[in-house]
Amino acid sequence: MSETRNLFTRQSDTYRANRPTYDPALIAWLAQQAPDLALAWDCGCGSGQATTELARHFRQVVGTDVSEQQLAKAERAANIDYRCEPAEQTRLADGSVSLTLVAQALHWFDLEGFYAEVRRVSKPGGLLAVISYSLSEISPEIDALVMHLYQDILGPYWAEERRHVEQGYRTLPFPFERIDVPPFNLNVQWDLPRLLGYLESWSALVTYQSRHGVNPLDPLRERFREAWGDPATARQVNWPLTVNLGRVS
């Protein structure tokens, strides 16, 4: 747990500034499936990218994370309560949660403990939604550079748990009644500096830089510029989302 906390504490500023927010259409659809809109729990919320979207639909949202630094960067709202608590042990009341959301964080949890906590806090008909996404899709030339950075340069520096994200969590247990989810994508319009900032928020890049004292993205910047064109030009960046949705009780 401490390793996970430290991993994201080191990059809290970059993470908050450069991570994309989640598809509002997906969050709205999940809210429609919930038994009511009383309370949503964003578990492993980081700096609140999904929490703020949940707050547009639910009367109250609790966001929990083990990194106080990440939580400190999260956008505030009157109906959001951020708490520094582990996924497996929270102060949420029994049978109180309509929707539990885990966005790109399930691989860091002790699943047995987390699933027990989800069962404890979920109200009848409550849902668990687990969202993940892997590499972006922009253009063949840019995608090849992103893959080169991701795999060839940073491959050994990713946490071992990263493979679960690459697999869309398909190999992890999900002991709940599954609900079919229509396809959703995460789409943003970014210029080149925004994309490079996102790449610098990768945990493996932060680990590489801390070990070697150099930024592994620096030698690739000119190649990215050549592939992108005018750095100020906005391009569509797309991440296909994998959503595992289950009815807890």
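Measuring from the lowest to the highest alpha carbon on each principal axis, how far does the chain reach, largest first, in angstroms?
54, 36, 35
Rounded, prolate or oblate: which one fits segment 147-249, using the alpha carbon gyration tensor with axes a ≥ b ≥ c (rounded when a/c is under 1.5, else prolate when a/b beats b/c, else oblate)? It would help to have the intermediate numbers written out before the result.
Details: a/c = 3.35, a/b = 1.54, b/c = 2.17.
Because a/c hits 1.5 or more and a/b fails to exceed b/c, segment 147-249 counts as oblate.
How many percent of DSSP beta bridges within the chain run antiparallel, rounded to 5?
Values: 15 of 34 bridges.
Given both bridge residues lie in the chain, the antiparallel proportion sits at roughly 45 percent.
Using the heavy atoms of the protein chains alone and a 1.4 angstrom probe, what is the accessible area of the chain per residue in square angstrom?
Using a 1.4 Å probe on heavy atoms only, each residue of the chain averages 44 Å².
Take the Cα coordinates of segment 182-221, assign each an equal point scatterer, and use the Debye formula without solvent to give log10 I(q)/I(0) at q = 0.16, 0.17, 0.27, 0.32 Å⁻¹.
Taken in order of the listed q values, log10 I(q)/I(0) reads -0.51, -0.55, -0.93, -1.10.
List every residue whose amide H lies under 5 Å from the amide H of residue 100, counting only residues 5 or more places away in sequence or on a different chain, with H placed 1.01 Å from N in the peptide plane.
41, 127, 128, 129
Out of 87, 116, 204, any idea which swings most in a Gaussian network model of the chain, alpha carbons joined below 10 Å?
Most flexible of the set in this elastic network: 116.
Taking amide H positions as placed 1.01 Å from N in the peptide plane, with prolines and chain starts having none, which residues 5 or more places from residue 81, or on another chain, fall under 5 Å of its amide H?
Answer set, sorted by chain and number: 61, 62, 63.
Leaving out ligands, DNA and RNA, what percent of the accessible area of segment 51-184 is carbon and sulfur, probe 1.4 Å? Before the final figure, lay out the partial values.
Details: 2910 of 6070 Å².
Carbon and sulfur: 48 percent of the exposed surface of segment 51-184.
Given a 1.4 Å probe and the protein chains all in place, what does the accessible area of residue 84 round to, in Å² to the nearest 10?
Result for residue 84: roughly 60 Å² accessible.
Label-point separation (nm) for residue 110 and residue 37, each offset 7 Å from Cα along Cα-to-Cβ?
Placing both labels 7 Å along Cα→Cβ, they lie 3.7 nm apart.
Would you rank 225, 178 by solvent-accessible area, highest first, keeping every protein chain in place and using a 1.4 Å probe?
Details: 225 100, 178 135 Å².
Largest accessible area first, the residues go 178, 225.
Is any residue of segment 182-203 close enough, with backbone N under 19 Å, to a label point placed 7 angstrom from the Cα of residue 230 along the Cα-Cβ axis, and if so, which?
What the label zone holds, given the 19 Å backbone N cut-off, is 189-196.
In a GNM of the chain with a 10 Å cut-off on Cα contacts, which of 185, 79, 215 has the highest mean-square fluctuation?
215
Show that you can apply the helix-only estimate: for the chain, add -39,500 (n - 2.57) for every DSSP H stretch of four or more residues, divide by all residues, and state [θ] at 222 nm to the nearest 500. The partial results should precede the final answer.
Numbers: 11 runs with 85 residues, N = 249.
Calculated at 222 nm, the ellipticity per residue is -9000 deg cm²/dmol.
If ligands, DNA and RNA are left out, what is the accessible area of residue 212 with a 1.4 Å probe, given in Å² to the nearest 10?
100
Would you mind calculating the gained length between residue 25 and residue 211 on full extension (0.36 nm times residue separation, minus the Cα-Cα distance), in nm to one decimal?
Values: separation 186, 0.36 × 186 = 66.96 nm, distance 3.98 nm.
Length gained between residue 25 and residue 211: 63.0 nm.
Where is the GNM fluctuation largest for the chain (alpha-carbon springs, 10 angstrom cutoff): 230, 81, 143?
230
The values are calculated or read from the model by the stated rules, or taken from the named source; none is laboratory data. Keep in mind it's a predicted model, so treat the numbers as computed, not measured. All Cβ positions, glycine included, derive from the backbone under ideal geometry; neighbour counts span all protein chains shown. Remember, those area values only see protein heavy atoms, side chains included, never the ligands or the DNA or RNA. Shrake-Rupley method; radii C 1.70, N 1.55, O 1.52, S 1.80 Å.
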